[in-house]
Amino acid sequence: MPLVPMRTMLDHAAENDYGVAALNVNNMEQIQAIMMAAEETDSPVIIQASSGARKYTNDAYLRHLMLAAVELYPKIPIVMHLDHGNAPEACFSAIEQGFTSVMMDGSLTLDSKPSSYDYNVEVTLKVVEAAHAVGVSVEGEIGALGGIEDGHGAGLSEEEAQEHLTDPAQAEQFVADTGVDALAVAIGTSHGAYKFKKKPTGEVLKMSLIEEIHKRLPNTHLVMHGSSSVPQELQDIINKYGGDIRQTYGVPIEEIQRGIKHGVRKVNVDTDSRLAITGAIRKVFAETPEAFDPRKYLTPAREAMKQVCVARMTAFGQAGNAGKIKPNTCKEMVDFYKK
Ligand code: G3H
Ligand code: 13P
Ligand code: ZN
């Protein structure tokens, strides 16, 4: 089947009470890891690329790798999603490249500062109008996350991020003003490995906010960014083989599962894949310093990421659903949005 729009997948997830991991990719092995896990667990998948990933792959490598996944796994519904588009132009160029879903992250200005509500509505609405006209799904964001990413992110500390949590009333207004298909909300998570200094309690990871937002927006698919769990064992492997990861805590799987019970349908995970890959490569380098064939370390790296994907697909409930989604195309979504 061709790449599918994200709206179709998240509607199915909502009807059947599960969440879908949105997994970031930058290269062939990461796409392979996701697809191997999807096949093993019969999962629909959201594969997402940031602006940094698009630059790294020149778009063309990414596009063709995604088409390879479609060709090799005809029974798995696959969404190709732009992660954190920072301007309408980034979303428009992604749509030209064949992305079936885009995120317009208007929660930050172009210089990565928390933006005004009006700015966010203006840029998001512009993208919604253009994307829906061609059946492409749109994710928006209200509130701002902590952490720093390459090329985007406000670089807010754990404490500062608490000041930019999503206001439920504003979230409701934002959906009414823009018509986004999915809404990313800030509830205390942040991007990257260093999310929490101890296992998070409800004081810093405000799952109760998700419940409040879901009550106001029962028909909007909620998105949790910064949702890597940063497993202790992955930190330990990296450190055992010469790495230097400071003790840190991520988002516990059971908290994500609680979110899924209250409207979370898309769960963004990148850091856990990065940790798994890095640990596996470090292990090969440490144990077989004479090895220099990239396949010697990329094969276990791919396998390690696959294990993370299988675990998340199973925990979020998307496993077993690939064959149950009635596939459609962006073209077929055009009429849906006209209504
Ligand atoms: O939200 C961020 C993702 O982890 C992508 O990160 O911008 O370094 O590719 P990146
Ligand atoms: P993590 O850094 O927690 O994996 O979050 C990734 C993300 O939110 C991508 O948009
Ligand atoms: Zn994110």
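What accessible surface, in Å², does a 1.4 Å probe find on Tyr117, ignoring ligands, DNA and RNA and rounding to the nearest 10?
50 Å²
Of Cys330, Cys309, which has the most accessible area and how do the rest follow, probe 1.4 Å?
From most exposed to least exposed: Cys330, Cys309.
When the accessible area of the chain is split by element with a 1.4 Å probe, what percent falls to carbon and sulfur?
Result for the chain: 54 percent of the exposed heavy-atom area is carbon or sulfur.
On alpha-carbon atoms, Rg over Rh for the stretch 105-251 using Kirkwood Rh?
My calculation puts Rg/Rh at 1.02.
Quick one: accessible area per residue over the chain, 1.4 Å probe, rounded to a whole number of Å²?
Each residue of the chain exposes 43 Å² on average to a 1.4 Å probe.
Given an 8 Å cut-off on Cα distances and at least 6 residues of separation, report the relative contact order of the chain as a percent. Please report the intermediate quantities before stating the final value.
Details: 719 pairs, mean separation 78.4, N = 339.
Reported relative contact order: 23 percent.
What accessible area, in Å² to the nearest ten, does a 1.4 Å probe give for Asp335?
Solvent-accessible area, nearest 10 Å²: 90 Å².
Have a look at the stretch 1-72 and give its Rg and Dmax from the Cα atoms, expressed in angstrom.
Rg and Dmax of the stretch 1-72, Cα atoms, are 12.6, 37 Å.
Taking the alpha-carbon distance from Lys240 and a cut-off under 29 Å, which lysines remain once sequence neighbours fewer than 8 residues away in the same chain are dropped?
Cross-link targets: Lys195, Lys197, Lys198, Lys199, Lys283, Lys296, Lys306.
Within 10 Å, count the other beta carbons around each residue, average over each peptide in 160-170, 196-206, and list them highest first.
160-170, 196-206
Write down the percent of antiparallel bridges among all DSSP beta bridges whose residues are both part of the stretch 38-146, to the nearest 5.
Antiparallel: roughly 10 percent of the beta bridges in the stretch 38-146.
Relative contact order of the stretch 127-276, please, whole-number percent, based on alpha carbon pairs below 8 angstrom and at least 6 residues apart.
Relative CO of the stretch 127-276 lands at 23 percent.
Could you tell me what percent of the DSSP beta bridges with both partners in the chain are antiparallel, to the nearest 5?
On the way: 4 of 35 bridges.
For the chain, the DSSP antiparallel bridge percentage is about 10.
How would Ile237, Ile281 line up by accessible area, probe 1.4 Å, largest first?
Accessible-area ranking of Ile237, Ile281, largest first: Ile237, Ile281.
Counting alpha carbon pairs within less than 8 Å and at least 6 residues apart, what relative contact order, in whole percent, applies to the stretch 68-147? Before the final figure, lay out the partial values.
Values: 117 pairs, mean separation 22.8, N = 80.
The value is 28 percent.
Compute, for Arg7, the solvent-accessible surface of its heavy atoms (probe 1.4 Å) with the complete set of protein chains present, and express it in square angstrom to the nearest 10.
Arg7 exposes around 50 Å² with every protein chain in place.
Arrange the residues Ile47, Ile253 by how much accessible surface each exposes, largest first, with a 1.4 angstrom probe.
Ile253, Ile47
With a ≥ b ≥ c the root eigenvalues of the C-alpha gyration tensor of the chain, is it rounded (a/c under 1.5), prolate (a/b larger than b/c) or oblate?
Since a/c reaches 1.5 but b/c is at least a/b, the shape of the chain is classed as oblate.
Considering only DSSP states other than H, G, I, E and B, which chymotrypsin sites (Phe, Trp or Tyr not before Pro) in the stretch 290-339 qualify as loop sites with at most 13 other Cβ atoms within 10 Å? Please report the intermediate quantities before stating the final value.
Details: sites: Phe292, Tyr297, Phe316, Phe336, Tyr337; in loops: Phe292.
The qualifying sites are Phe292.
The values are calculated or read from the model by the stated rules, or taken from the named source; none is laboratory data. It should be emphasised that the depicted structure is a prediction, and the values quoted were computed from it without experimental measurement. A quick note on method: Cβ atoms are made from the backbone with ideal geometry, for glycine too, and the neighbour counts reach across all protein chains shown. When the accessible area is computed, the model is the full protein with side chains, heavy atoms only, and any ligands, DNA or RNA have been set aside. Shrake-Rupley method; radii C 1.70, N 1.55, O 1.52, S 1.80 Å.
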